[in-house]
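Trainee: Let me give you the structure first, and then I'll get to my questions.
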Amino acid sequence: MNTTKSLEEIMASVARQIKPQLVSDAEKETLEAGQRKEERKEWATREYKKLEAPLRLRRQSDNLRHDGDWGSALGALKQKLGKGGVFVLRGPSGTGKSQMAHELCKFAILDKGMTARFTSFATIQLLLKSSFRDRSDTSEFDIIKGFLKPELLVIDEFDWCPMGDKTVTENYWQNIAYYIINERWGDAKDTILTSNKTAQEFDRETLATVKTRISQTGGVITTEGWTNWRLK
């Protein structure tokens with residue numbers, strides 16, 4: 001008698017022995033939530049790697065002390081992200097303004113899932129000047145739009161922007177700065193500026209309309225009297 005079973009018979013026998021494992025709606029939702037969380041984590045990791053912040057700030061990030069005035073200010077600003085504020089970190093060089101701006105970008109991306117960009121006003125100037133060439137494939141407005149898109153924008157060394165003229169149309173770079181800040185303010189996107197100017201210089205040389213945006217939605221964080229880490 002032929003006892004050899006065909007492949008079809010074997011598969012049918014196995015199928016009869018396997019009981020279907022049904023997944024409840026709650027289990028399915030938990031699995032999908034875990035997958036979404038992992039996808040967000042992978043996205044945030046990629047976004048942070050693309051952040052155009054100076055390498056020195058990145059390297060120092062894991063060895064920072066978060067006590068004292070610096071840590072308190074950083075913690076307070078973290079709570080305000082996502083509300084469309086215009087903030088200024090103003091004070092002497094070496095007091096941690098750029099590092100704080102970097103930490104806010106890092107927090108925004110990794111913890112809040114926001115898009116962020118770190119730049120300097122000198123970089124904005126160089127990028128726009130490159131678009132002036134006749135053969136440039138990137139228009140002036142294309143470059144400007146790149147600074148309007150992220151949910152958080154840091155403009156480091158904002159002192160490079162000449163802001164002393166009385167009207168916004170008297171200076172090209174002043175006009176560019178105002179346009180970026182005003183558009184982002186209108187779209188309720190966070191903007192952080194760093195400045196080495198004294199309180200008197202910043203008040204005297206900053207456009208009234210920009211100061212109004214700052215006072216309405218964000219504020220000025222003064223680092224005067226803080227530790228100068230470059231001298232330690």
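The values are calculated or read from the model by the stated rules, or taken from the named source; none is laboratory data. Everything numeric in this text was worked out from a predicted model, so none of it was measured. Please note: Cβ atoms are built from the backbone with ideal geometry, for glycine as well, and neighbour counts cover all protein chains shown. The accessibility values were calculated without ligands, DNA or RNA, using every heavy atom of the protein model including side chains. Shrake-Rupley method; radii C 1.70, N 1.55, O 1.52, S 1.80 Å.
Trainee: For region 50-87, what are the residues that are farther than 17 Å from LEU193 by Cα, free of Cβ contacts under 8 Å to residues at least 24 places away in the same chain and among the hydrophobic types (A, V, I, L, M, F, W, C)?
Mentor: LEU55
Trainee: Can you tell me which residue is surrounded by the most Cβ atoms within 10 Å (Cβ to Cβ) among those in region 109-162 that are among the acidic types (Asp, Glu) and assigned to a helix (DSSP H, G or I)?
Mentor: Going through region 109-162, the residues among the acidic types (Asp, Glu) turn out to be 111, 134, 137, 140, 142, 151, 156-157, 159.
Add one more test, that the residue is assigned to a helix (DSSP H, G or I), and what stays is 140, 142, 159.
Numbers: GLU140: 15, ASP142: 12, ASP159: 19.
Looking at the filtered set, the residue picked out is ASP159.
Trainee: Determine, yes or no, whether GLY94 is open to solvent by less than 20 Å² (accessible area, probe 1.4 Å), at pLDDT below 95 and part of a loop (DSSP other than H, G, I, E, B). I'd like the intermediate steps shown before the answer.
Mentor: Working: open to solvent by less than 20 Å² (accessible area, probe 1.4 Å): yes; at pLDDT below 95: yes; part of a loop (DSSP other than H, G, I, E, B): yes.
Taking the combined requirement at face value, the residue satisfies it.
Trainee: Would you check which residues across region 65-91 are part of a loop (DSSP other than H, G, I, E, B) and surrounded by 15 or more Cβ atoms within 10 Å (Cβ to Cβ) and list them?
Mentor: Result: LEU81, GLY82, GLY84, GLY85, GLY91.
Trainee: While we're here: For residues that are open to solvent by less than 50 Å² (accessible area, probe 1.4 Å) and basic (Lys, Arg), scanning just region 190-229, find the one that is farthest from LEU148 (Cα to Cα). Working first, answer last.
Mentor: Kept after step one, since they are open to solvent by less than 50 Å² (accessible area, probe 1.4 Å), are these residues of region 190-229: 190-195, 197, 199, 202, 206-207, 210, 213-214, 218-219, 221, 223, 226, 228.
Now narrow it down to the ones that are basic (Lys, Arg): 197, 213.
Values: LYS197: 25, ARG213: 16 Å.
The extreme case among them is LYS197.
Trainee: Residue under question is ALA101, and the condition is that it be of a type in the set (A, V, I, L, M, F, W, C), in a helix (DSSP H, G or I), under 24 Å from ASP187 (Cα atoms) and open to solvent by 30 Å² or more (accessible area, probe 1.4 Å); does it hold?
Mentor: Working: of a type in the set (A, V, I, L, M, F, W, C): yes; in a helix (DSSP H, G or I): yes; under 24 Å from ASP187 (Cα atoms): yes; open to solvent by 30 Å² or more (accessible area, probe 1.4 Å): no.
No.
Trainee: Could you tell me whether any residue of region 101-121 is hydrophobic (A, V, I, L, M, F, W, C) and at pLDDT below 95?
Mentor: Keep residues of region 101-121 that are hydrophobic (A, V, I, L, M, F, W, C), which gives 101, 104-105, 107-110, 114, 116, 118, 121.
Restricting the remaining residues to those that are at pLDDT below 95 gives 121.
Looking for residues that are hydrophobic (A, V, I, L, M, F, W, C) and at pLDDT below 95, one finds at least one in region 101-121, hence yes.
Trainee: Separate question: Only one of these conditions is not met by ARG40: (1) open to solvent by 100 Å² or more (accessible area, probe 1.4 Å); (2) free of Cβ contacts under 8 Å to residues at least 60 places away in the same chain. Which number is it?
Mentor: (2)
Trainee: Among PHE87, PHE121, PHE141, which is the only one that is of a type in the set (A, V, I, L, M, F, W, C) and either under 14 Å from the mean Cα position of the chain (by Cα) or over 26 Å from ASN182 (Cβ atoms) (or both)? Steps first, please.
Mentor: On the way: PHE121 fails: either under 14 Å from the mean Cα position of the chain (by Cα) or over 26 Å from ASN182 (Cβ atoms) (or both); PHE141 fails: either under 14 Å from the mean Cα position of the chain (by Cα) or over 26 Å from ASN182 (Cβ atoms) (or both).
Residue meeting the stated conditions: PHE87.
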